[in-house]
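K.L.:
One structure, pasted below without further comment.
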Amino acid sequence: MGGKVTCTLGEVKNRADFIIYWGGNPADCHPLHFSRYTLIPKGKHVPEGRKGRTMVLVDVRETPSAKHADILLQVKPGKDFEVITTLRALVKNQPVDAARVAETGLTLEQLQDFVDRMKNARFGVLFFGMGLSMTRGKHMNSAAALALVAELNAYTKFVSMPMRGHGNVTGADVVMRWTTGFPFGVSMSRGYPRFNPGEFSTIDVLVRGDNDATLVLGADPGATMPQPAIDHLARTPTIVLDPKVTHTSRLARVHITTATTGISAPGTVYRMDEIPLPLKPILESPYPTDEEVVHRILEKVKEKPAWTPASYKEVPCA
Amino acid sequence: MLRITGGRVYDPANEVDGEVRDVCISGGRIVEEVTGADVRTIDAAGMVVFPGGVDVHTHVAGGALNFARAMTPENHRNAAKFTHSPELRAGVGGTTPSTFATGYLYAGLGYTTVNEAAVPVLSARHTHEELRDTPLVDKSCCVLMANNELILDLLEEGETERAKHLLAWHLWAAKGYGVKAVNPGGVTAWKWGKDAKILSEPVPGYSKVTPAKIISSMAAMVDELELPHPMHLHCNNLGAPGNIDTTIETMKVLDGHRAHMAHLQFHSYGGDDWDTLRSESVRLAEFFNEQPNLTADAGAILFGDSVTITADGPWQHLLYQLTGRKWGNLDVENETGCGVVPYTYKGTNMVNAVQWAVGLELLLLINDPWRIYLTTDHPNGACFWRYPEIIHLLMNADFRRECIEKLPDKALKRIHLPGIDREYTLSEIAIIISAGPARALGMPQKGHLGVGADADVVLYNDDSDRERMFGHPRYLLKGGEVVVEEGDIRKMVDGREFIVRPSYDDNIEEYLRPLFEQYYTMSFENYPVEMERLEGADIRECG
């Protein structure tokens, strides 16, 4: 089990007649998603636009996205994994226990209807947000959702996509992969990339206090990370590159103001479907770009004697 | 300025076959003679001198490969590690190496040019960003066209001429070098969960467009545009038992137009199902030998772990169902798709054993080495850094027999390899890893050591263990710079990117823009890759 069955957003626009949002509130968090990619546009094979599509919202509460949905399935908090597992069983016509299903806040009839609709879709898509991937079960929830979609392809065309956001997080992930071979949670402390989420991911490193300095680029961990991680950022030298004053810049030892990427600095942003878009600046800024600042820091670092392990030749396989 | 002296030179393009002679280099090119006090001399006594290797078909950069990296971190945990140093960037090897490691690993084989074989226009910007971070090798890209629905829509309406202009526009927009056709019609059918298995049947969603029509019209367009590389073709029915009929039918449909048949090993099977699968390499080679318009690469497999990455979405769904392993799928709007499934080829598995034999059989049975090239369809059949194992198998029939003895008995009845005694010569190896693919790519400055050629030169120890020999070059020169010395990478140089600018009617943009705005999800202005994205672009005007 594993992997991801997905597509670019234009495929959804041109083909999707059945759209699920699970654990996310795009009406507030991705406000152009409905109008640009999923619900409203007239697609090549969905010429009717909104009328040609059915939207199901699965969430623990009725968010502002609910008024855009044809069907709302309100799950009890923390029961997403159970719902997905039930759906996977129903897809394969396996028996399920109606009493256990009731604990999820949904009825067997609702779920059977949901499965019938999924199987009868011409082109289905499941978008899932942090309400699924960051609540009880976490990555197990995501894995179950991805597996459900993969298995539906035995019956019809079905794809999935995580609703990523937070600036250019997809771009950071993409570039890390091609430069180090891994998407995140990479340690270079031995001079070559090692990947171990839970050990080398940022929050874990900060909470354990493993690092003695932090460079923050295009992020505001002071606003979102757990308190012990924030405490460590405040305790040790933290350098922030950001156009604005942020929670992190307030606790940082150094804040270098940089030009805003996309407004006064060029660059590339990767969309949530990993399609790269060029950014063209429209205004001039008195501030340097993030790239210039990092390059200048790197030049200074290079003036120091090189740190290299005893042998920098290829390390043989473990 | 530099002189390589005392080595046995293999330069088949210039009919030099193992003669001891000097190779002189100045200004990044091969020259007749160098003189003066500042000429460095490399004593190549006991070594053989080859033109730098050229990989005609590999997957080293872009959205699909990066998707595979995300999916298979376990393949990199125990892979070769590259530690950063004042000269080198850090990285990992393994089934889908990081970009810098890819450059180092290719240089570590003596390769200096690679052709990335599958690039969607929509994410070509990403591919070029990665190629920019792939040092030591020159690069080119083949752009995925045979499932581009805007082009297929024109073929449906019989507007072949306009389709040609659109194809040329897309090739330039992607900053590509060649045209790639993957499972023509089948990938677009996969957008509805279907496939296109019969060449003469309409592609789902069309009434007149068949795979055969796509193949013949696109090959004709590539010839009319006078592109340096013929249409690069991944046939329908990849990997399926009995697909030999489709492959031969495809060659017939091409009707004399040029084509490069990619990873032929995956397209030469007989039988009706997995239990009756057998090698059809003899039939395929006999037919192929009579088709002078065609070239091919082997797409050989080796036993071990790999990850399969292809634009052939329906095949990958089947492979996922067969193996129960991870499955990645990424459909690209209006253009193409991509599937990723990790796979382990096992020497004890009958099907895998037949596949192993078929790759070698094609290399041994296709009688003109100028038309069949060494590839593994990296990382599909095996990783490119395992090429020396295949060279050893081709050059040593005794070693091959030892390997055949280890195959399962039921595979032996289904292959031809035990009856083949041919052994490759060094000159023939130089053709299949360098001179031949350079010619097929239409790169006159590559794959040879004649005056004016790029000074991409590799020096190997003349070692009877051919695997060790080709896996550890003593010296590698890239554009005249000594980058590998005594087996170590000593210097970092950036590669160039070869691109073509085919001629097309500028009015095609007026036709395309409204369709693009209707069917795509980015602005039209952002679609073409900007020249600034490329490092050292080498532009060839065509048509």
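K.L.:
Where the Cα atoms of segment A:9-162 are projected onto their three principal axes, how long is each span, largest first, in whole Å?
P.N.:
Extents along the principal axes: 42, 32, 25 Å.
K.L.:
If you take the accessible area of B alone plus A alone and subtract the pair, what total do you get in square angstrom, rounded to 100, with a 1.4 Å probe?
P.N.:
Working: alone 19330 and 18250 Å², together 32510 Å².
Rounded to the nearest hundred, the buried surface is 5100 Å².
K.L.:
Also, quick follow-up: Taking a ≥ b ≥ c as the square roots of the eigenvalues of the Cα gyration tensor of chain B, is the shape rounded (a/c under 1.5), prolate (a/b larger than b/c) or oblate?
P.N.:
On the way: a/c = 1.60, a/b = 1.21, b/c = 1.32.
Oblate, since a/c reaches 1.5 and b/c is not below a/b.
K.L.:
Once you put a point 7 Å from the Cα of A:Arg122 and another 7 Å from the Cα of B:Trp192, both along the Cβ direction, what distance in nm separates them?
P.N.:
In this crude spin-label approximation the distance works out to 0.8 nm.
K.L.:
Counting Lys and Arg as +1 and Asp and Glu as -1, what is the net charge of the other residues whose Cβ lies under 13 Å from the Cβ of B:Lys410? Numbers along the way, then the final one.
P.N.:
On the way: positive: B:Arg278, B:Lys413, B:Arg414; negative: B:Asp275, B:Asp409.
Computed value for this residue: +1.
K.L.:
Counting partner chain Cβ atoms within 10 Å of every residue's Cβ in A:169-180, what's the average? Before the final figure, lay out each step's value.
P.N.:
On the way: counts 0, 0, 1, 0, 2, 8, 6, 4, 11, 17, 9, 10.
For this peptide, the per-residue mean of nearby foreign Cβ atoms is 6.
K.L.:
Taking amide hydrogens as modeled 1.01 Å from N in the peptide plane, which residues meet the under 5 Å criterion relative to A:Val58, leaving out close sequence neighbours?
P.N.:
Amide H neighbours of A:Val58: A:Tyr21, A:Trp22, A:Gly23, A:Leu73.
K.L.:
Run the 1.4 Å probe and let me know the accessible area of B:Trp172, rounded to the nearest 10 Å².
P.N.:
In the full protein context, B:Trp172 sits at about 40 Å².
K.L.:
May I pose another question? Express the relative contact order of chain B as a whole percentage, based on alpha carbon pairs under 8 Å and six or more residues apart in sequence.
P.N.:
Relative contact order of chain B: 20 percent.
K.L.:
What value in Å³ per residue do you get for the convex hull of the alpha-carbon atoms in the protein assembly as shown? Don't jump to the answer; show the numbers that get you there.
P.N.:
Working: hull volume 150.6 nm³, N = 861.
Cα-based convex hull of the protein assembly as shown, divided per residue, equals 175 Å³.
K.L.:
Right, something else. For segment B:136-204, just the Cα set please: Rg and Dmax, both in angstrom.
P.N.:
13.6, 46
K.L.:
Rolling a 1.4 angstrom probe over the protein heavy atoms, how many square angstrom per residue are accessible across segment A:73-115? Display every interim value, and only then the final one.
P.N.:
Working: 2210 Å² over 43 residues.
Per-residue accessible area for segment A:73-115 comes out at 51 Å².
K.L.:
Moving on to the next point. State the volume of the convex hull built on the alpha-carbon positions of segment B:82-232, expressed per residue in Å³ and rounded to an integer.
P.N.:
It comes to 125 Å³ per residue, whole-number rounded.
K.L.:
Pop a pseudo-label 7 angstrom from the Cα along the beta-carbon direction at both B:Asn293 and B:Asp245 and give the gap in nm to one decimal.
P.N.:
Between B:Asn293 and B:Asp245, the label points sit 2.3 nm apart.
K.L.:
So what are the ³J(HN,Hα) numbers for segment A:211-228, from phi and the Karplus equation (6.51, -1.76, 1.60; θ = phi - 60°), rounded to whole Hz, Gly and Pro as x?
P.N.:
Calculated HN-Hα couplings, in order: 9, 10, 7, 9, 10, 10, 10, x, 8, 10, x, x, 9, 10, 8, x, 3, x Hz.
K.L.:
Over the whole of B:323-336, what's the average partner chain Cβ count within 10 Å per residue? Rounded to a whole number, please.
P.N.:
Details: counts 0, 1, 3, 6, 9, 7, 11, 9, 12, 6, 13, 5, 3, 0.
The per-residue average across the peptide is 6.
K.L.:
Tell me the Kirkwood hydrodynamic radius of segment B:193-290 in angstroms, computed as one over the mean inverse distance between distinct C-alpha pairs.
P.N.:
Details: mean 1/r = 0.0706 Å⁻¹.
That comes to 14.2 Å for segment B:193-290.
K.L.:
Once amide H atoms are built 1.01 Å from N in the peptide plane, which residues 5 or more positions from B:Gly271, or in another chain, come under 5 Å H to H?
P.N.:
Correct list: B:Gly242, B:Arg278.
K.L.:
Can you list the residues in segment B:93-125 whose accessible area drops by at least 40 Å² when all protein chains are present, compared with the chain alone? Use a 1.4 Å probe, heavy atoms only.
P.N.:
At a threshold of 40 Å² (probe 1.4 Å), the residues of segment B:93-125 that become less exposed are B:Arg125.
K.L.:
Once you keep just the Cα pairs under 8 angstrom separated by 6 or more residues, what percentage relative contact order results for segment A:146-211?
P.N.:
On the way: 47 pairs, mean separation 10.0, N = 66.
Across segment A:146-211, relative contact order equals 15 percent.
K.L.:
Across peptide A:85-94, what mean number of C-beta atoms from other chains lies inside 10 Å of a residue's C-beta? Mind dumping the intermediate values first?
P.N.:
Details: counts 0, 0, 0, 0, 0, 0, 0, 0, 0, 0.
The mean count of partner-chain Cβ atoms within 10 Å per residue comes to 0.
K.L.:
Can you give me the relative contact order of segment A:9-162 as a percent, contacts being Cα pairs under 8 Å and 6 or more apart? Don't jump to the answer; show the numbers that get you there.
P.N.:
On the way: 261 pairs, mean separation 40.4, N = 154.
Normalised by residue count, the contact order of segment A:9-162 is 26 percent.
K.L.:
Another question, if that's okay. Starting from the amide H of B:Asp331, placed 1.01 Å from N in the peptide plane, find each other amide H under 5 Å away whose residue is 5 or more places distant or on another chain.
P.N.:
Those qualifying (amide H under 5 Å, at least 5 residues apart or on another chain) are A:Thr6, A:Cys7, A:Thr8, B:Cys338.
K.L.:
For segment A:97-195, treating each Cα as an identical point scatterer without solvent, what Debye log10 I(q)/I(0) comes out at q = 0.12, 0.14, 0.21, 0.24 1/Å?
P.N.:
After summing over all Cα pairs, the log10 values are -0.59, -0.74, -1.20, -1.32.
K.L.:
With a 1.4 Å probe and all protein chains kept in place, how much accessible area does A:Thr224 have, in Å² rounded to the nearest 10?
P.N.:
110
K.L.:
Read phi for every residue in segment A:70-77 and hand back ³J(HN,Hα) as whole Hz from Karplus 6.51 cos²θ - 1.76 cosθ + 1.60, θ = phi - 60°, with x for Gly and Pro.
P.N.:
Using θ = phi - 60°, the values come out as 7, 9, 10, 10, 9, 8, 5, x Hz.
K.L.:
Segment A:193-216: which residues show an accessible-area loss of 10 Å² or more, assembly versus chain alone, 1.4 Å probe?
P.N.:
By number: A:Pro193, A:Phe195, A:Asn196.
K.L.:
Let me ask something else about it. Per residue, how many Å² of accessible area does segment A:169-303 show with a 1.4 Å probe? Intermediate results must be reported in sequence, preceding the final value.
P.N.:
Numbers: 7120 Å² over 135 residues.
For segment A:169-303, the per-residue accessible area is 53 Å².
K.L.:
While we're on this one: Taking the Cβ-Cβ separation of B:Lys208 and B:Arg21 as r and a Förster radius of 51 Å, what is the calculated FRET efficiency to the nearest 0.05?
P.N.:
That pair, B:Lys208 with B:Arg21, gives E of 0.30.
K.L.:
In a Debye calculation with equal point scatterers on the alpha-carbon sites of segment B:425-522 and no solvent, what is log10 I(q)/I(0) at q = 0.12, 0.16 Å⁻¹?
P.N.:
Calculated log10 I(q)/I(0) at the listed q: -0.59, -0.80.
K.L.:
Could you work out the local net charge near A:Thr8, counting Lys and Arg as +1, Asp and Glu as -1, over the other residues with Cβ closer than 15 Å to its Cβ? Each step should come with its number before you reach the end.
P.N.:
On the way: positive: A:Lys4, A:Lys13, A:Arg15, A:Arg36, A:Lys44, A:Lys157, A:Arg164, A:Arg271, B:Arg125, B:Lys191; negative: A:Glu11, A:Asp273, A:Glu274, B:Glu149, B:Asp331, B:Glu333, B:Glu335.
Combined, the nearby Lys, Arg, Asp and Glu give +3.
K.L.:
May I ask you to evaluate 6.51 cos²θ - 1.76 cosθ + 1.60, the Karplus curve with θ = phi - 60°, for each residue of segment B:344-359 and list the ³J(HN,Hα) values in order in whole Hz, giving x for glycine and proline?
P.N.:
Along segment B:344-359, the couplings run 10, 7, 10, x, 8, 8, 4, 4, 5, 5, 5, 4, 4, 5, 4, x Hz.
K.L.:
Computed on alpha carbon atoms, what radius of gyration and Dmax characterise segment B:61-154, expressed in Å?
P.N.:
Cα only, segment B:61-154: 15.0, 53 Å (Rg, Dmax).
K.L.:
For B:Asn243, what is the net charge nearby, where nearby means another residue's Cβ is under 13 Å from its Cβ and Lys, Arg count +1, Asp, Glu -1?
P.N.:
So the environment of B:Asn243 carries a net charge of -4.
K.L.:
Quick one: check the C-alpha center-to-center distance for segment A:6-36 versus segment B:126-142, whole angstrom.
P.N.:
First find each Cα centre; the distance between them is then 32 Å.
K.L.:
Between B:Asp409 and B:Arg501, what FRET efficiency comes out of the Förster formula 1/(1 + (r/R0)^6) with R0 = 60 Å and r the beta carbon distance, rounded to 0.05?
P.N.:
Details: r = 56 Å, r/R0 = 0.93.
That pair, B:Arg501 with B:Asp409, gives E of 0.60.
K.L.:
Okay, moving on. At q = 0.13, 0.17, 0.18, 0.19 Å⁻¹, what is the base-10 log of I(q)/I(0) for segment B:231-370 according to the Debye formula with one equal point scatterer per Cα and no solvent? Please give it to two decimals.
P.N.:
Values, matching the q order: -0.57, -0.97, -1.07, -1.18.
K.L.:
Quick one: with all protein chains in place, what share of the accessible area of segment A:9-162 is carbon or sulfur, to the nearest percent (1.4 Å probe)?
P.N.:
Details: 3540 of 6480 Å².
Answer for segment A:9-162 is 55 percent, counting heavy atoms of protein chains only.
K.L.:
Quick one: which of A:252-258, A:291-297, B:255-261, A:72-78 comes out on top by average Cβ neighbours within 10 Å, and what's the full order, highest first?
P.N.:
Numbers: A:252-258: 17.6, A:291-297: 14.1, B:255-261: 20.0, A:72-78: 15.7.
Sorting A:252-258, A:291-297, B:255-261, A:72-78 by mean packing, highest first, produces B:255-261, A:252-258, A:72-78, A:291-297.
K.L.:
Against the empirical 2.2 N^0.38 Å scaling, what ratio does the C-alpha Rg of segment A:169-303 come to?
P.N.:
Working: Rg = 15.6 Å, N = 135, 2.2 N^0.38 = 14.2 Å.
Here the answer is 1.10, to two decimals.
K.L.:
Another question about this same structure. Under a 10 Å cutoff between Cα atoms, tell me which one of A:Tyr155, A:Tyr192, A:Tyr287 has the largest fluctuation in the Gaussian network model of chain A.
P.N.:
A:Tyr192
K.L.:
Tell me, how many Å apart are the Cα centres for segment A:108-177 and for segment A:189-208?
P.N.:
Their Cα centres are 27 Å away from one another.
K.L.:
Next up: Using a Förster radius of 60 Å, what is the FRET efficiency between B:Arg29 and A:Thr224 based on their Cβ-Cβ separation? Nearest 0.05, please. Please report the intermediate quantities before stating the final value.
P.N.:
Working: r = 56 Å, r/R0 = 0.93.
The formula returns an efficiency of 0.60 here.
K.L.:
Take every Cα-Cα pair in segment B:332-387 and report what % of them are more than 17 Å apart.
P.N.:
54
K.L.:
Could you tell me what percent of the accessible area of chain B is made up of carbon and sulfur, with a 1.4 Å probe and every protein chain present?
P.N.:
Details: 7750 of 16850 Å².
Accessible surface attributable to carbon and sulfur in chain B totals 46 percent.
K.L.:
In addition: Measure off 7 Å from each Cα along the Cα-to-Cβ vector at A:Glu48 and A:Glu62, then give the distance between these two points in nanometres to one decimal.
P.N.:
In this crude label model, A:Glu48 to A:Glu62 measures out at 2.6 nm.
K.L.:
Between segment B:1-70 and segment B:80-116, what is the separation of their alpha carbon centroids in Å?
P.N.:
About 19 Å separates the Cα centre of segment B:1-70 from the one of segment B:80-116.
The values are calculated or read from the model by the stated rules, or taken from the named source; none is laboratory data. Computed from a predicted structure; not experimentally measured. Glycine gets a Cβ as well: all are built from the backbone with ideal geometry, and neighbour counts include every protein chain shown. Just so you know, the surface numbers come from the protein's heavy atoms only, side chains and all, with ligands and any DNA or RNA stripped out. Shrake-Rupley method; radii C 1.70, N 1.55, O 1.52, S 1.80 Å.
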